[in-house]
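**Student:** I'd like to ask you about the structure that follows.
The values are calculated or read from the model by the stated rules, or taken from the named source; none is laboratory data. Since the model is a prediction, treat every value here as computed from it, not as a measurement. Cβ placement follows ideal geometry from the backbone for every residue including glycine, while neighbour counts extend to all protein chains displayed. These accessible areas exclude ligands, DNA and RNA; they are computed on the full protein's heavy atoms, side chains included. Shrake-Rupley method; radii C 1.70, N 1.55, O 1.52, S 1.80 Å.
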Amino acid sequence: MTTHEKTPTDRSEKQGGEQSEERGREQSREHQQPTRTHLSAAGLRARGWTPAMIRQLLGDPDLLRPHPHFRPAPQTRLYGIERVEAAEHSEEFRGASAAAARRSAAARAAALRRRREVLTRIAAEPIEVPRLAPDRLTALAVEHRSRRNEERALWRRGHVAVPATVERAEPGALDRWKVDYLRHRLTRCDEILDELYGRTGRAAAEELLRRRIYAAIAQAYPDLARECERRLRERGYGSSPG
């Protein structure tokens, strides 16, 4: 055999290499993304378009397609990407985009101002926890718990209203009942939250209000501080009420 003559092993390795390259090219073609020709309204929003800009600068869509997952839904409106790009290079688009940015900044500033106003109001709201003798607080807390059990039995199927008693209370239950009762006495706080429904900053206001409520309860009744802290942790607020 001459030095230039190929053995069966050489030919087999060459064929295997060629097949591997061909498989690689096929996989590469399979993973190539098709060229995008249209954009949906969501795609336009990601590029900085607002609904008003779409109506003013693009008008009717170039293509309507059924919703891919929910047939009864309205058809998806698609806009030709060439037309979109041409519009994005126009003076009208630049002017509308700048105006939209100014409106968005003004809206954020207004929302931040309303949030500060809400938090200022919550911080200034007086929270007056009733000061009761230990036995009196226990009696009222048990009575309040029994009343809640009766109310729950009216709307919860299968719930039996068992009267609450000090003797039947599980460890820690009395502290929970006491905090429940004191929290119930602060009905003005719930009224404030109801007034804030749907308003900017309500979540932050609710957290601040709950922190102030439980801090006031813990200050008036130090033996209930641990229960107040537990409630804050349950709501994800973390730190102690003090």
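**Student:** From the backbone phi of segment 100-106, what are the Karplus-calculated ³J(HN,Hα) couplings (6.51 cos²θ - 1.76 cosθ + 1.60, θ = phi - 60°) in whole Hz, Gly and Pro given as x?
**Tutor:** Going residue by residue, I get 5, 5, 5, 5, 5, 5, 5 Hz, with x marking Gly and Pro.
**Student:** If you don't mind, another one. How large is the charge dipole for segment 97-207, taken about the Cα centre, if only the Cβ atoms of Lys, Arg (+1) and Asp, Glu (-1) carry charge, to the nearest 20 debye?
**Tutor:** Numbers: 24 positive and 17 negative charges, 145 e Å.
Using Cβ point charges on Lys, Arg, Asp and Glu, segment 97-207 gives about 700 debye.
**Student:** Where the accessible area of segment 90-224 is counted over protein heavy atoms with a 1.4 Å probe, how much of it, in %, is carbon and sulfur?
**Tutor:** Details: 4370 of 8440 Å².
Whole-percent figure for carbon plus sulfur exposure: 52.
**Student:** Give me a comma-separated list of calculated 3J(HN,Hα) values for segment 73-84, in order, Karplus coefficients 6.51, -1.76, 1.60 applied at θ = phi - 60°, integers in Hz, x for any Gly or Pro.
**Tutor:** Each residue's phi maps through the Karplus curve to give 5, x, 5, 6, 8, 10, 10, x, 5, 5, 5, 4 Hz.
**Student:** Something else now. When a/c reaches 1.5 or more, the comparison of a/b and b/c decides; with that in mind, is segment 49-121 rounded, prolate or oblate per its Cα gyration tensor? List each step's numbers first, then the result.
**Tutor:** Details: a/c = 4.69, a/b = 1.56, b/c = 3.00.
Because a/c hits 1.5 or more and a/b fails to exceed b/c, segment 49-121 counts as oblate.
**Student:** A follow-up question, please. Please name whichever of 120, 107, 87 sits farthest to the positive end of the charge dipole of segment 63-126, dipole taken about the Cα centre and charges placed at Cβ: Lys and Arg +1, Asp and Glu -1.
**Tutor:** Selected residue: 120.
**Student:** Could you sort the peptides 141-147, 185-191 by per-residue average Cβ neighbour count (10 Å cutoff), highest mean leading? Before the final figure, lay out the partial values.
**Tutor:** Numbers: 141-147: 18.7, 185-191: 13.4.
Going from most to least packed, we get 141-147, 185-191.
**Student:** A further question follows. For a test of the definition: using alpha carbon positions, the gyration tensor, and the 1.5 limit on a/c, classify segment 61-173 as rounded, prolate or oblate.
**Tutor:** Working: a/c = 6.78, a/b = 2.10, b/c = 3.22.
Verdict is oblate for segment 61-173.
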